[in-house]
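> My structure is below; once you've seen it, I'll send some questions.
Rule-based calculations on the coordinates, nothing more; no lab input. Keep in mind that what you see is a predicted model, and the values were worked out from it rather than measured. Heads up, the Cβs are rebuilt from the backbone with ideal geometry, glycines too, and the neighbour counts pull from every protein chain shown.
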Amino acid sequence: MKMKRWTTGEVSRQRNISVRTLRYYDQIGLLMPSFKAVNGKRFYSENDLFRLEKILILKSLSLPLNNIRSILDRLSYKQILVSHYNYLQEQLSQIETSITNTTSLINIINLEESLSWEHVSKLVQNSQINAKKWVDYFQDDEKSILQNAVPNLDNNDETTQQSILLLRQVEWCIKHNIKPESKKGLQIASKLIEISNESFQGDTELIDKFWGIRKLPAEETGLYPISEDVLEYVERSIAYKSTLEQEYE
């Protein structure tokens with residue numbers, strides 16, 4: 001059975017690498033075609049192509065050609081693939097972090113009409129350093145619920161978006177002197193209670209416990225900072241709604 005061989009042009013087209021580059025690799029002894037025809041035409045073997053793959057992977061790791069040449073024969077194809085896998089995982093982690101930070105900024109902008117760079121920088125740094133610090137205040141059996149339930153600036157899910165919208169409405173009410181005991185305040189309270197019950201699976205003790213943590217300084221918990229005025233408005237509107245419900249009972 002005749003072994004398959006590839007010309008420089010065929011390798012160039014299949015691997016999207018220039019003929020000039022392949023010839024340079026040949027000149028420096030990094031990758032030389034294993035076969036030479038009577039007419040002088042040179043051909044690459046399958047082993048040559050595996051060697052080329054190793055070279056291309058090591059290049060993607062930003063290794064200089066001199067270093068590649070010195071380690072190429074010491075590493076198996078599997079070892080190089082594993083190193084490339086680890087490199088890609090690191091790249092993926094960096095991309096995911098960038099996506100998370102960008103999502104946070106989008107949600108912050110949705111919350112606040114105007115932002116100073118100092119404010120944005122501080123919030124992002126707090127998010128990176130204290131991303132899950134608030135969870136430490138809870139028991140292990142509570143954490144699984146909380147990590148999926150609590151609105152997080154890193155996420156772009158429906159609960160987060162609804163929470164952002166309600167906070168904006170509270171800020172609007174405060175700005176326009178609309179009291180928590182108003183019809184609008186009751187609407188906000190009703191929606192907040194609905195979201196809380198759905199997110200916390202109706203566990204009122206857990207809701208109260210989280211609300212207590214929510215009022216601690218953001219630097220301590222890592223949660224998005226909410227002003228005391230907003231927190232007070234929410235508490236008053238919920239308390240008023242509870243009072244009305246008790247009167248109707």
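> By counting other Cβ atoms within 10 Å of each Cβ, how are Val234, Val38, Val82 ranked from fewest to most?
By the 10 Å Cβ count, ascending: Val38, Val82, Val234.
> How far apart, in nanometres, would the label points at Leu92 and Glu232 be if each is projected 7 angstrom from Cα along the Cα-to-Cβ direction?
Spacing of the two 7 Å Cα→Cβ label points: 4.9 nm.
> Is there a pair in Lys4/Lys36; Lys175/Lys209; Lys41/Lys78; Lys4/Lys41 whose C-alpha atoms are over 25 Å apart, and which pairs would that be? Mind dumping the intermediate values first?
Working: Lys4/Lys36 13 Å; Lys175/Lys209 29 Å; Lys41/Lys78 31 Å; Lys4/Lys41 15 Å.
Listed pairs above 25 Å: Lys175/Lys209; Lys41/Lys78.
> What does the charge count near Glu46 come to, summing +1 for each Lys or Arg and -1 for each Asp or Glu among other residues with Cβ under 9 Å from its Cβ? Walk me through the numbers before you get to the answer.
Values: positive: Lys4, Arg5; negative: Asp48.
Charge balance near Glu46 sits at +1.
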